[in-house]
1. I'd like the residue in the range 86-103 that is crowded, with 21+ Cβ neighbours inside 10 Å and of a type in the set (A, V, I, L, M, F, W, C) and, out of all such residues, is farthest from residue 51 (Cα to Cα).
2. For the range 57-84, name all the residues that are among the polar types (S, T, N, Q) and in contact (Cβ under 8 Å) with a residue 12 or more places away in the chain.
3. Looking only at residues in the range 17-66 that are at negative phi and in contact with a helix residue (DSSP H, G or I) (Cβ under 7 Å, 6 or more places away or on another chain), which one is surrounded by the most Cβ atoms within 10 Å (Cβ to Cβ)?
4. Of the residues in the range 75-102, how many are outside any loop (DSSP other than H, G, I, E, B) and modelled with pLDDT under 90?
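The values are calculated or read from the model by the stated rules, or taken from the named source; none is laboratory data. The shown structure was predicted, so the numbers you read here are calculated from the model rather than taken from an experiment. No Cβ is skipped: glycine too gets one built from the backbone with ideal geometry, and neighbour counts run over all protein chains shown.
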Amino acid sequence: MNWRAVGCAVLAAAVFVGLGLWSLQMAIGRPGCPETLLWGERVYAAVGDPTALPVVGSEEPVRLGTILVGVVSRQVYGPSGSAPSPSAEDRPGEIALECGDGTFVSYRFTSVVPTARPSP
């Protein structure tokens, strides 16, 4: 048995597992909300400071579903009367996002990201 080869294999496996765990920690381990948020084709910008409850408009916000922020799924809230929609045109102009640390940040619609369309 070649102990040098076994040692190199163990070292390579340890580095591979360590790098994978470090990468997952970097992707998942950061609570907080981004300054800008891409939801489908719509871009939203953060407005104001984090709050303890979701604030969207003046009435009780409704849950619209979840959105991926990195590799983490976060709750999205909209104004009272809004409903979840797969269509970007039906999404509200103002939303609130759960930040993963017990706070919420409000966002306002800023622009639409153009989608690539096949040429005729």
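1. 95
2. The answer is 75, 80, 82.
3. Taking the candidates together, the pick is 42.
4. 3
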